1. Of everything in the stretch 102-121 that's more than 12 Å from Ala156 (Cα to Cα) and either buried (at least 23 other Cβ atoms within 10 Å of the Cβ) or among the polar types (S, T, N, Q) (or both), which residue is nearest to the chain's Cα centre (by Cα)?
2. Would you confirm, using the coordinates I've provided, whether Lys169 is within 24 Å of Gly96 (Cα to Cα), surrounded by 21 or more Cβ atoms within 10 Å (Cβ to Cβ), basic (Lys, Arg) and in contact with a strand residue (DSSP E or B) (Cβ under 9 Å, 6 or more places away or on another chain)?
3. So, in the stretch 45-101, of the ones that are in a helix (DSSP H, G or I) and small (Gly, Ala, Ser), which residue ends up surrounded by the fewest Cβ atoms within 10 Å (Cβ to Cβ)?
4. Test Ala184 against the stated conditions and say whether it is more than 23 Å from Ser67 (Cβ to Cβ) and outside any helix (DSSP H, G or I).
5. What's the total number of residues in the stretch 110-127 that are of a type in the set (S, T, N, Q) and touching a strand residue (DSSP E or B) at 6+ places or on another chain (Cβ under 8 Å)?
6. Collect the residues in the stretch 64-110 that are closer than 19 Å to Gly147 by Cβ and of a type in the set (Val, Ile, Thr), keeping them in residue-number order.
7. Residues in the stretch 22-33 that are crowded, with 22+ Cβ neighbours inside 10 Å and under 19 Å from Gly137 (Cβ atoms): how many?
8. Assuming His162 fulfils every condition listed in (1) at pLDDT 95 or above; (2) within 26 Å of Trp236 (Cβ to Cβ); (3) touching a strand residue (DSSP E or B) at 6+ places or on another chain (Cβ under 9 Å) apart from one, which condition is it?
Amino acid sequence: MSVKDQNSYKVALVTGAARGIGREIALTLAERGISVGLCDISPEVHKTCKEIQALGVPSAAEIVDISNEEDVNRAYESISIKLGTIDVLVNNAGIGQLKSLVDYSISEWDQTFSVNIRGAFIFSQKVLPNMMEQHNGLIVNIASIWGLRGASGRSAYAASKHALVGMSKCLADECHPYRIRVIALCPGNVLTDLAKGSEADTTGWMEPKDVADVVGYLCDPGSRAIVGSTIEVNGWGRPPEFK
């Protein structure tokens, strides 16, 4: 089989696409003419789907518990039938709480890892066989600046995002012979709905669109030399200190 142009991406799948960063990523890819499959546990994902279809771009949405393998299998098959082979996977779905380690219940800790790393693992396993066969593909794992650093109150979230960065690095090495690019994207502070409702000083924080534009660039031919990278996206807010 001849090697396909590694930047000829036609179909993407974005998790956590109902709102926030995931929604903006989905819309940004659609604006580049990429058909987009959407997954989220929230029914609002269908609203994002309609927004994309209004742009004249094919889209399909599925309500999914990404930590449930059977649910992922169902959603993946449905989206693949409707849109075609997945060229780009964006593992964006994630959860987190500000809580000291001693205050976490076992179930809260497990749920954080189930969504933030188990979900990315399951979806990656689903898309990789076709990507390997085609010698073409892009996986972007939306980690976090806290996947590189640590701070009080972020133990479960940071630990799960460290795991996602680690998985990304290993997968990038495994996928290198197949010309599949695996990128860990580590945003700093972003003005999501949750952040806007907090009492934090959000001066200089990024908008979800700022992160989405980076993902969009990674789908463009000019990004072809970015292979197996871990990328910090901090905006103009004060970067968190190493601890």
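1. That would be Ala120.
2. In short, no.
3. Restricting to residues being in a helix (DSSP H, G or I) and small (Gly, Ala, Ser), the top hit is Ala54.
4. no
5. Summing the residues that are of a type in the set (S, T, N, Q) and touching a strand residue (DSSP E or B) at 6+ places or on another chain (Cβ under 8 Å) in the stretch 110-127 gives 1.
6. Those that are closer than 19 Å to Gly147 by Cβ and of a type in the set (Val, Ile, Thr): Ile66, Val90, Ile95.
7. Of the residues in that region, 5 qualify.
8. Result: His162 passes all but (3).
The values are calculated or read from the model by the stated rules, or taken from the named source; none is laboratory data. Please read these numbers as outputs of a predicted model, since none were measured by experiment. Heads up, the Cβs are rebuilt from the backbone with ideal geometry, glycines too, and the neighbour counts pull from every protein chain shown.
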